[in-house]
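Report on the structure given below.
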């Protein structure tokens, strides 16, 4: 998929990308490929960056909106996915990109310097340890993650990062053609059969509600998203 086709699919699905944001996304892909030569951020065999990575990461934004002025944690960001594309398209939200591999965080930091994004910062460390720090524990409105771990683990990590004041809010609210995702939620990109993972996550007692977001949209036939889904989870008020 070429950049122009990516933009057209976004437009078909109600996501208009301004010239400035389009340029940032193009620069991000260039920087990502440059850094990927030094550090393994994405598969070097992958040729369809716009389809398999950028479109995949931003496709939930065809169907959901997050609250303005939110603080979002990208848990296990790897090469800045999905955090950087989301930060470009949600300029009124702030993002922290967390990864436990120092080389990846250094590479992403270099990418961010090149992009000049003001609403993104990076953090290196293990989720279990970073969540204990006063600066990050219980501070976030949303956690997003892509291919990090099984949902049960991701839920437990996310619970320590999300602000418990948001747990009492509603979950998904329909607004015209999109749904408004309230804060206190986990957005997890998953593949394959997620039913068993969801059942195990529910056993933690930390999940109040679940919605599976099927990745179906105009133009999806141009990229193979077979079995790819996004699991939305509203976390519970307290552990039981």
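Looking at (1) surrounded by 15 or more Cβ atoms within 10 Å (Cβ to Cβ); (2) in contact with a helix residue (DSSP H, G or I) (Cβ under 7 Å, 6 or more places away or on another chain); (3) under 26 Å from residue 211 (Cβ atoms), which is the one condition that is false for residue 14?
(1)
Give the residue, chosen from 61, 71, 115, 75, that is touching a helix residue (DSSP H, G or I) at 6+ places or on another chain (Cβ under 7 Å) and over 28 Å from residue 5 (Cα atoms).
Of the residues listed, the single one that is touching a helix residue (DSSP H, G or I) at 6+ places or on another chain (Cβ under 7 Å) and over 28 Å from residue 5 (Cα atoms) is 75.
Looking at 75, 89, 71 in this structure, which one is under 26 Å from residue 192 (Cα atoms) and in contact (Cβ under 8 Å) with a residue 40 or more places away in the chain?
One residue alone meets the criteria, 75.
Considering only segment 31-51, how many residues are surrounded by 14 or more Cβ atoms within 10 Å (Cβ to Cβ) and in a helix (DSSP H, G or I)?
8
Taking the stated definitions as given, is residue 205 within 30 Å of residue 8 (Cα to Cα) and out of contact with any strand residue (DSSP E or B) (no Cβ under 8 Å at 6 or more places or on another chain)? Full working, then the answer.
Details: within 30 Å of residue 8 (Cα to Cα): no; out of contact with any strand residue (DSSP E or B) (no Cβ under 8 Å at 6 or more places or on another chain): yes.
No; evaluated as a whole, the condition is false for this residue.
Among the residues of segment 214-240, count how many are under 29 Å from residue 1 (Cα atoms), buried (at least 17 other Cβ atoms within 10 Å of the Cβ) and in contact with a helix residue (DSSP H, G or I) (Cβ under 6 Å, 6 or more places away or on another chain).
Result for segment 214-240: 5.
Please determine whether any residue of segment 101-115 is more than 25 Å from residue 18 (Cβ to Cβ), touching a strand residue (DSSP E or B) at 6+ places or on another chain (Cβ under 6 Å) and crowded, with 22+ Cβ neighbours inside 10 Å.
Looking for residues that are more than 25 Å from residue 18 (Cβ to Cβ), touching a strand residue (DSSP E or B) at 6+ places or on another chain (Cβ under 6 Å) and crowded, with 22+ Cβ neighbours inside 10 Å, one finds none in segment 101-115, hence no.
Out of the residues in segment 196-219 meeting the condition of being in contact (Cβ under 8 Å) with a residue 12 or more places away in the chain and part of a helix (DSSP H, G or I), tell me which one is nearest to residue 166 (Cα to Cα).
Step one: of segment 196-219, the residues in contact (Cβ under 8 Å) with a residue 12 or more places away in the chain are 197-198, 200-201, 203-215, 217-219.
The next check asks that each one be part of a helix (DSSP H, G or I); those that pass are 197-198, 200-201.
Numbers: 197: 24, 198: 21, 200: 23, 201: 19 Å.
Among those that are in contact (Cβ under 8 Å) with a residue 12 or more places away in the chain and part of a helix (DSSP H, G or I), it is 201.
In segment 145-195, which strands (runs of 3 or more DSSP E) lie fully inside it and hold 2 or more residues that are at pLDDT 95 or above and at negative phi?
Answer list for segment 145-195: 185-191.
Which helices (runs of 4 or more DSSP H) sit wholly inside segment 62-131 and have at least 1 residues that are more than 14 Å from the chain's Cα centre (by Cα) and farther than 23 Å from residue 153 by Cα?
102-115
Report whether or not residue 47 is in contact with a helix residue (DSSP H, G or I) (Cβ under 6 Å, 6 or more places away or on another chain) and either over 23 Å from residue 229 (Cβ atoms) or modelled with pLDDT of 95 or more (or both).
no
Test of understanding: among 168, 179, 185, which residue is over 28 Å from residue 101 (Cβ atoms), in contact with a strand residue (DSSP E or B) (Cβ under 9 Å, 6 or more places away or on another chain) and touching a residue at least 24 places away in the same chain (Cβ under 8 Å)?
Unique residue meeting the criteria: 179.
The values are calculated or read from the model by the stated rules, or taken from the named source; none is laboratory data. Nothing here was measured: the structure is a model prediction, and the numbers come from that model. Cβ atoms come from the backbone with ideal geometry, glycine included; neighbour counts cover every protein chain shown.
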